[in-house]
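Okay, so here's the structure we're looking at.
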Amino acid sequence: MAESKTGDIRAAKEFKFSKDAKNANHWWDDDCKRAVQEKNEARGKCLIRKTRANLDIYKQKRTNANRICGRKKKEWIEGKIKEINETNRKTDTRKFYKDIRNLSNLPTTMTLVCKDKDGNILSGKEKKIWKDGNNVSKNY
């Protein structure tokens, strides 16, 4: 047991991420970074001292950061689509399909699904929470 654990740790230390995997958000720039940092600072102030003014400032900065990042992402995707259309018009088929494949392989978020003991997906207003093997039902 201990040998496999040390082997796993050694393998994890040897594994290195490529630069492409590290910067998967090509649309992320200094504006997004600054807006998210301001939002996080406002959140920290709100957590330390939860007043209505701090909460309003945090909500405003969160909305601003989401707008900036969403706009940047939308502009980047629209630019990529224009670029793909240009390569299609130039009849550069190989580059066209390569760009399509790269655009469709963008990282996506995974939807989390709660399942019960039998593997059935839980849905509706009643959700079951498993705690230490005991079934606890809660209505939300």
Enumeration of residues in the stretch 13-45 that are more than 20 Å from residue 77 (Cβ to Cβ), modelled with pLDDT under 90 and part of a helix (DSSP H, G or I): 13, 14, 19, 22
Could you figure out which of (1) modelled with pLDDT under 65; (2) over 21 Å from the mean Cα position of the chain (by Cα) isn't true of residue 48? (1)
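The values are calculated or read from the model by the stated rules, or taken from the named source; none is laboratory data. Just so it is clear, the model here is predicted, and its values are computed rather than measured. Heads up, the Cβs are rebuilt from the backbone with ideal geometry, glycines too, and the neighbour counts pull from every protein chain shown.
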